[in-house]
């Protein structure tokens, strides 16, 4: 057997042994079905009683705000590499990168103003 794979084998054995020992301890020390109470076996929902519909209805506004957050958050992914390499652009005299990013941010700002005007970020209605 190749000795390069020995640490991986040892890690698998330790992980499998830990899982087996943990399950064995829970079976030995855990309560049996006769010892458990019905109240304690109910699902815990952050302090709320588990009555009613399983899937509550959410307002469309919730999803709209979530989508707007994702859209504007993803734009930061495009801004970061540009900001990292901006110093190189200035050193090389490439001001086109600055003006193109200025246009990009301008379009984002217009989209933000449009969302504000349409009331997409207003919760009360």
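The values are calculated or read from the model by the stated rules, or taken from the named source; none is laboratory data. For clarity, every value in this text was computed on a predicted model and none was experimentally measured. Ideal geometry is used to build each Cβ from the backbone, glycine not excepted, and the neighbour counts take in all protein chains shown.
Values for this structure:
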| item | result |
| --- | --- |
| Which numbered condition residue 14 fails, given (1) surrounded by 10 or more Cβ atoms within 10 Å (Cβ to Cβ); (2) closer than 30 Å to residue 114 by Cβ | (2) |
| All positions within region 111-125 that are loosely packed, with under 10 Cβ neighbours inside 10 Å and in a helix (DSSP H, G or I) | 117 |
| Residue under evaluation residue 27, criteria (1) loosely packed, with under 10 Cβ neighbours inside 10 Å; (2) within 31 Å of the chain's Cα centre (by Cα), criterion not met | (2) |
| Answer from 76, 39 - the residue that is part of a loop (DSSP other than H, G, I, E, B) and within 33 Å of the chain's Cα centre (by Cα) | 39 |
| Any hit, region 60-83, residues being farther than 30 Å from residue 122 by Cβ and either surrounded by fewer than 12 Cβ atoms within 10 Å (Cβ to Cβ) or touching a strand residue (DSSP E or B) at 6+ places or on another chain (Cβ under 9 Å) (or both) | yes |
| Sole residue being part of a helix (DSSP H, G or I) and without any contact (Cβ under 8 Å) to a residue 60 or more places away in the chain, chosen from 94, 28 | 28 |
| Selection status of residue 65, more than 30 Å from residue 112 (Cβ to Cβ) and modelled with pLDDT of 80 or more | no |
